[in-house]
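Notes to accompany the following structure.
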């Protein structure tokens, strides 16, 4: 009985031992707690470019020094620019724009530029004309310099500006400039009226010309607001219209100059161009405007009449008539030409040192001096030698006023300028002068430029330079 009980208990004990071993093994294993995911560390931002505040200041254009610029940075990526560029003593351009740094272009890019043309009269009064708004461009940064690229037709090449002084130093410099007299209370400056968004406005139409075969002529047209100009030739019946670039091939031996400007010049005009017309087509982004047509009348150049052959003298001795003393008529004081200035001075009795017209007006060349008693003059022609008297400058002690001009053409306007204390009289279209005359130093002076071609005369700057160079 005891043995049987033991045999029955052994399997039970064995099962109990196995269960206890399993529980003990499971309890011994440590409980694994999952680690939290690592928090991502944000990457350092890529620098957007140089801090524009380190570049602000006063700059000047590197080559001509006519351009002056003030750069002001509002933060490290935004800056404003004000540029003044002198074109002459009476005219300058003024830009204002705001830009933001573009890392890809490595430049400050702008799209809100305003360009104003500032013109000053003899009294210093300013008149403004807005040439464009919403202009685009950029300022590239290179070695501390600012390279300006303006996306406009009138400034295709970049301009480099170099640093001159800080904004504080520039402000102190401005404040230190002497003032000739107390400045009057400034009148609020009116905001310039933007140019209307319309096609160009024609302000002057070309005028017809009558020429002989082989001669030359020019036509002048003026406008406001145009971007391009193209001259056209129109057949007498109006059915054929060709641009100036094809005219030389159509009418040989015709030569055309300035066909893409407001003034076109024709030389070697053939008879086949007779009764054709010309007109100028001005365009801008808003449309096209054509001038009125101007007719070209070409006449045949007359053939010189041969001199008659003198009949042989008769062999019979003529009857001897009583010798009569002829009555002397008035002595004609003719002009004498020379290339020697000293000869002209000696022959006229007038001391003369003419201004350097070719350096003032450009495409001119000296032709000759002319003189007669009491009057001396120098004559210039253009580079094509198509017009013998493009510019004539006279000095006289014998004639004065308009009689010294000798120009009997009619002009639209007469006005006066004050130059170095002299009253200078002008005739022309009101903007440019074909006739200029004045008195000074006990002598009388006259300047004629393209007489008869109103609208293609001397500008106020030209007149000022010539008068200041007169001796």
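The values are calculated or read from the model by the stated rules, or taken from the named source; none is laboratory data. As the structure is a prediction and not an experimental result, all values here were calculated from the model. Every residue, glycine as well, gets a Cβ built from its backbone with ideal geometry; the counts of neighbours run over all protein chains shown.
Can we say residue 207 is part of a loop (DSSP other than H, G, I, E, B), assigned by TED's automatic domain parsing to the domain that holds residue 288 and at pLDDT below 95?
Details: part of a loop (DSSP other than H, G, I, E, B): yes; assigned by TED's automatic domain parsing to the domain that holds residue 288: yes; at pLDDT below 95: yes.
Criteria met by residue 207.
Selection over the stretch 424-465 of residues that are more than 20 Å from residue 409 (Cβ to Cβ) and under 25 Å from the mean Cα position of the chain (by Cα) gives a count of 4.
Do we have any residue at all in the stretch 302-310 that's surrounded by 15 or more Cβ atoms within 10 Å (Cβ to Cβ) and either modelled with pLDDT under 95 or not assigned by TED's automatic domain parsing to the domain that holds residue 429 (or both)? Checked the stretch 302-310: no residue is surrounded by 15 or more Cβ atoms within 10 Å (Cβ to Cβ) and either modelled with pLDDT under 95 or not assigned by TED's automatic domain parsing to the domain that holds residue 429 (or both).
When the residues of the stretch 408-421 are narrowed to those that are in a strand (DSSP E or B) and touching a helix residue (DSSP H, G or I) at 6+ places or on another chain (Cβ under 7 Å), which ends up nearest to residue 220 (Cα to Cα)? Within the stretch 408-421, the match that is nearest to residue 220 (Cα to Cα) is 417.
Evaluating residue 177 against the criteria (1) over 25 Å from residue 455 (Cβ atoms); (2) surrounded by 12 or more Cβ atoms within 10 Å (Cβ to Cβ); (3) at pLDDT 60 or above leaves one unmet condition, (2).
Tell me, please, whether a residue that is free of Cβ contacts under 8 Å to residues at least 12 places away in the same chain, in contact with a helix residue (DSSP H, G or I) (Cβ under 9 Å, 6 or more places away or on another chain) and surrounded by fewer than 15 Cβ atoms within 10 Å (Cβ to Cβ) can be found in the stretch 66-77. Looking through the stretch 66-77, at least one residue is free of Cβ contacts under 8 Å to residues at least 12 places away in the same chain, in contact with a helix residue (DSSP H, G or I) (Cβ under 9 Å, 6 or more places away or on another chain) and surrounded by fewer than 15 Cβ atoms within 10 Å (Cβ to Cβ).
For the stretch 89-129, a tally of residues being surrounded by 14 or more Cβ atoms within 10 Å (Cβ to Cβ), free of Cβ contacts under 8 Å to residues at least 24 places away in the same chain and farther than 30 Å from residue 431 by Cβ returns 2. When we screen 448, 405 for residues that are under 30 Å from residue 203 (Cα atoms), surrounded by 19 or more Cβ atoms within 10 Å (Cβ to Cβ) and either touching a helix residue (DSSP H, G or I) at 6+ places or on another chain (Cβ under 8 Å) or modelled with pLDDT of 90 or more (or both), the only hit is 448.
Which residues, taken from the stretch 149-159, are surrounded by 15 or more Cβ atoms within 10 Å (Cβ to Cβ) and touching a residue at least 60 places away in the same chain (Cβ under 8 Å)? Of everything in the stretch 149-159, just one residue is surrounded by 15 or more Cβ atoms within 10 Å (Cβ to Cβ) and touching a residue at least 60 places away in the same chain (Cβ under 8 Å), namely 159.
If you filter the stretch 198-213 down to residues that are farther than 17 Å from residue 297 by Cα and crowded, with 16+ Cβ neighbours inside 10 Å, you find that the one that is nearest to the chain's Cα centre (by Cα) is 200.
Looking at the stretch 390-412, is at least one residue within 26 Å of residue 124 (Cα to Cα) and free of Cβ contacts under 8 Å to residues at least 60 places away in the same chain? Yes.
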